[in-house]
Amino acid sequence: MKKVVKFGGSSLASARQFKKVKAIITADKTRCYVIPSAPGKRDGKDTKVTDLLYQCYDAAVSGQSYKRILEQIKKRFTDIVDGLGLDLNLDYEFNQIEENFLKKAGRDYAASRGEYLNGIIMANYLGFPFIDAAEVIFFDERGSFLSEQTNEELNHRLSSLRQAVIPGFYGSNPDGTIRTFSRGGSDVTGSIVARAVLADLYENWTDVSGFLVADPRIVENPAPIETITYKELRELAYMGASVLHEDAIFPVRKEGIPINIRNTNRPGDPGTMIVENTSKRPHYTITGVAGRKGFCAINIDKAMMNTEIGFGRRVLEVFEDNNISFEHMPSGIDSMSILVHQDEFQEKEQAVIAGIHRAVHPDSVDLEPDLALVAVVGRGMRSARGTAARIFAALAHAKINVKMIDQGSSELNVIVGVKNEDFEPAVRAIYDIFVKTEL
């Protein structure tokens, strides 16, 4: 059995955190390949090393004083090395970094050095081989990730290594310069490595014990999600839940490798398991509830609309011509509504209204601004009777007026539109009816 383990910035912010990480890795001999992030914040007033590297680089290339920031960065890593009692000198690496900063090696290069240095320290601390991500993760001239070339090289390099440390977040361009991932960071690297070695599990260690049924800023002490499918995760992520970026999921999803989100500070917690599919019954009818504010509904009414061939297409072409994407499109016999992001729509609203009148000659076009969308997601909803009725009963009890209803054909989610000011009460009401009453 092989596991790939990625540790986030908060998990590697100090020597104390490094010791926790080593205890986690050595407790399970199947944890073979380690993906470290750059040191994160040690407390609320601290600064991430990546941010310091950006500041230092920007100062160096603009001819400003950068030495003080560079010394601050050096101290962060020296404190970790000394705190771990390692016989490791990073002076050569820092000399190279300073030289390359002055040569204007690029902000991607600057940002990557936190992961690079943490990788060296981690490899030294664990006694694992170190592999520079620039040697095994590749981008093309346009900055697009070369997945197959990377997979082939990583598989080749790691096939003879039972254990290794590969820094997250970056790779290299065809000319050898450093390129960072634009989204997902070290999470993406962990997923890429897991695919390359055909890992049995990809463990993503962070500072939370997995995903939660609802946003803890809205619901007090929400229940954890034990198991979630990729489809459910995508639905919740799209509706604003703070979860792994899709780029970090695709490589392992392609190979059917599960992801386990774990807490470095509470390693005994099981965390959340992300899987392609599962026969396990969910603990609650819903897996999660999430949403976003700031939408506008364009409501179009026209008698006998349903008899006009191409009516919907002509309406959507108006939005396409104005470079506006739509989120949802609930419709009736003589009406249809288009939901869009309000801030994106406002500057073009008059052009869109005029375009709709010219395209389909409606009886009326009304706008309803300041809407929020709440998505109720869960594979358990497919087999549960009365799910929609429970949602609307909970909202009615909370005196929340429902402005829009939309259900996906997969029966995996129900989306409800409410006024912006009703967003938080709506999330709490739905959470209460499905979680607190099912405990």
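The values are calculated or read from the model by the stated rules, or taken from the named source; none is laboratory data. From a predicted model like this one, the values you see are computed outputs, not experimental measurements. Neighbour counts are summed over all protein chains in view; Cβ atoms, including those assigned to glycine, are modelled from backbone coordinates with ideal geometry. Heads up: the accessible areas ignore ligands, DNA and RNA and are worked out on the full protein's heavy atoms, side chains in. Shrake-Rupley method; radii C 1.70, N 1.55, O 1.52, S 1.80 Å.
Could you check the stretch 131-164 and list, in sequence order, the residues that are touching a Leu at 6+ places or on another chain (Cβ under 7 Å), assigned to a loop (DSSP other than H, G, I, E, B) and buried (at least 16 other Cβ atoms within 10 Å of the Cβ)? Show your work before the answer.
Of all residues in the stretch 131-164, those touching a Leu at 6+ places or on another chain (Cβ under 7 Å) come to 136, 138-140, 164.
Add one more test, that the residue is assigned to a loop (DSSP other than H, G, I, E, B), and what stays is 136, 140.
If the condition is that a residue be touching a Leu at 6+ places or on another chain (Cβ under 7 Å), assigned to a loop (DSSP other than H, G, I, E, B) and buried (at least 16 other Cβ atoms within 10 Å of the Cβ), then Val136 is the only one that fits.
Somewhere in the stretch 323-333, is a residue among the hydrophobic types (A, V, I, L, M, F, W, C), touching a residue at least 40 places away in the same chain (Cβ under 8 Å) and open to solvent by less than 30 Å² (accessible area, probe 1.4 Å)?
No, there is no match, as no residue in the stretch 323-333 is among the hydrophobic types (A, V, I, L, M, F, W, C), touching a residue at least 40 places away in the same chain (Cβ under 8 Å) and open to solvent by less than 30 Å² (accessible area, probe 1.4 Å).
For the stretch 393-422, enumerate the residues that are open to solvent by 20 Å² or more (accessible area, probe 1.4 Å), in a helix (DSSP H, G or I), closer than 28 Å to Leu367 by Cβ and not acidic (Asp, Glu).
Narrowing the stretch 393-422 to residues open to solvent by 20 Å² or more (accessible area, probe 1.4 Å): 393, 396-399, 401-403, 405-411, 419-422.
From the residues that got through so far, the ones that are in a helix (DSSP H, G or I) too are 393, 396-397, 420-422.
Filter once more, so that each one left must be closer than 28 Å to Leu367 by Cβ: 396, 420-422.
Ala396, Asn420 - these are the residues of the stretch 393-422 that are open to solvent by 20 Å² or more (accessible area, probe 1.4 Å), in a helix (DSSP H, G or I), closer than 28 Å to Leu367 by Cβ and not acidic (Asp, Glu).
Are any residues in the stretch 11-32 open to solvent by 10 Å² or more (accessible area, probe 1.4 Å), in contact with a strand residue (DSSP E or B) (Cβ under 7 Å, 6 or more places away or on another chain) and of a type in the set (Ser, Thr, Tyr), and if so, which ones?
Thr30
Between a first residue in the stretch 404-415 that is farther than 15 Å from Ala372 by Cβ and a second residue that is open to solvent by 20 Å² or more (accessible area, probe 1.4 Å) and at pLDDT 80 or above, which pairs have beta carbons less than 7 Å apart while being 6 or more apart in sequence or on different chains?
Glu411/Arg382; Leu412/Lys231; Leu412/Glu235; Leu412/Arg379; Asn413/Glu235
Only one of these conditions is not met by Gly355: (1) modelled with pLDDT under 95; (2) over 26 Å from the mean Cα position of the chain (by Cα). Which number is it?
Result: Gly355 passes all but (1).
Could you check, for the stretch 386-393, whether at least one of its residues is of a type outside the set (Lys, Arg) and more than 22 Å from Val418 (Cα to Cα)?
Residues of the stretch 386-393 that are of a type outside the set (Lys, Arg), as a first pass: 386-389, 391-393.
Right, trim to more than 22 Å from Val418 (Cα to Cα) and you get none.
Looking through the stretch 386-393, none of the residues is of a type outside the set (Lys, Arg) and more than 22 Å from Val418 (Cα to Cα).
Residues are listed down the side, and each one gets a yes or a no for (1) of a type in the set (Gly, Ala, Ser); (2) within 30 Å of Ala23 (Cα to Cα); (3) free of Cβ contacts under 8 Å to residues at least 40 places away in the same chain; (4) assigned to a helix (DSSP H, G or I):
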site	(1), (2), (3), (4)
Leu70	no, no, yes, yes
Lys75	no, yes, yes, yes
Leu88	no, yes, yes, no
Glu93	no, yes, yes, yes
Ile97	no, no, yes, yes
Ala111	yes, yes, no, yes
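Report, by residue number, each residue of the stretch 280-311 that is more than 20 Å from Leu236 (Cα to Cα), surrounded by 13 or more Cβ atoms within 10 Å (Cβ to Cβ) and among the aliphatic types (A, V, I, L, M).
Of everything in the stretch 280-311, those that are more than 20 Å from Leu236 (Cα to Cα), surrounded by 13 or more Cβ atoms within 10 Å (Cβ to Cβ) and among the aliphatic types (A, V, I, L, M) turn out to be Ala297, Ile298, Ile300, Met305.
Any idea which of Arg234, Arg162, Arg253, Arg262 is among the charged types (D, E, K, R) and over 17 Å from the mean Cα position of the chain (by Cα)?
Numbers: Arg234 fails: over 17 Å from the mean Cα position of the chain (by Cα); Arg253 fails: over 17 Å from the mean Cα position of the chain (by Cα); Arg262 fails: over 17 Å from the mean Cα position of the chain (by Cα).
Matching residue, one of Arg234, Arg162, Arg253, Arg262: Arg162.
When Glu203 is evaluated against the numbered criteria (1) over 21 Å from Cys32 (Cα atoms); (2) touching a residue at least 24 places away in the same chain (Cβ under 8 Å), which criterion, by number, is the only one it fails?
(1)
Being in a loop (DSSP other than H, G, I, E, B) and among the small types (Gly, Ala, Ser) is the filter; apply it to the stretch 179-191 and report the residue that is surrounded by the most Cβ atoms within 10 Å (Cβ to Cβ). Talk me through it step by step, then tell me what you get.
So the first thing to find is which residues in the stretch 179-191 are in a loop (DSSP other than H, G, I, E, B), and the list is 181-185.
Now narrow it down to the ones that are among the small types (Gly, Ala, Ser): 182, 184-185.
On the way: Ser182: 12, Gly184: 19, Gly185: 24.
Of everything passing the filter in the stretch 179-191, Gly185 is surrounded by the most Cβ atoms within 10 Å (Cβ to Cβ).
Can you confirm whether Asn277 is open to solvent by 20 Å² or more (accessible area, probe 1.4 Å), within 20 Å of Gly9 (Cα to Cα) and not in a strand (DSSP E or B)?
Judged against the criteria, Asn277 is not a match.
Here is a yes/no grid of residues against (1) under 30 Å from Gly210 (Cα atoms); (2) aromatic (Phe, Trp, Tyr); (3) surrounded by 16 or more Cβ atoms within 10 Å (Cβ to Cβ):
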site: Ala59; (1), (2), (3): no, no, yes
site: Gly83; (1), (2), (3): yes, no, no
site: Asn89; (1), (2), (3): no, no, no
site: Tyr92; (1), (2), (3): no, yes, no
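How about the stretch 214-258: which of its residues are farther than 15 Å from Asp187 by Cβ, in contact with a Phe, Trp or Tyr (Cβ under 9 Å, 6 or more places away or on another chain) and among the β-branched types (Val, Ile, Thr)?
Passing the criteria: Ile218, Val219, Ile225, Ile228.
Considering (1) open to solvent by less than 70 Å² (accessible area, probe 1.4 Å); (2) farther than 20 Å from Ala105 by Cβ, say which one Gly176 fails and leave the rest.
(2)
Scanning the stretch 334-352 for residues that are touching a residue at least 40 places away in the same chain (Cβ under 8 Å) and open to solvent by less than 50 Å² (accessible area, probe 1.4 Å), which turns out farthest from Gly288 (Cα to Cα)?
Val352
Quick one: count up the residues across the stretch 315-370 that are in contact with a helix residue (DSSP H, G or I) (Cβ under 8 Å, 6 or more places away or on another chain), part of a helix (DSSP H, G or I) and among the aliphatic types (A, V, I, L, M).
Residues flagged as in contact with a helix residue (DSSP H, G or I) (Cβ under 8 Å, 6 or more places away or on another chain), part of a helix (DSSP H, G or I) and among the aliphatic types (A, V, I, L, M) within the stretch 315-370 amount to 6.
Here is a list: Gly240, Gly210. Which entry is closer than 30 Å to Arg162 by Cβ and assigned to a loop (DSSP other than H, G, I, E, B)?
On the way: Gly240 fails: closer than 30 Å to Arg162 by Cβ.
Of Gly240, Gly210, the one residue that is closer than 30 Å to Arg162 by Cβ and assigned to a loop (DSSP other than H, G, I, E, B) is Gly210.
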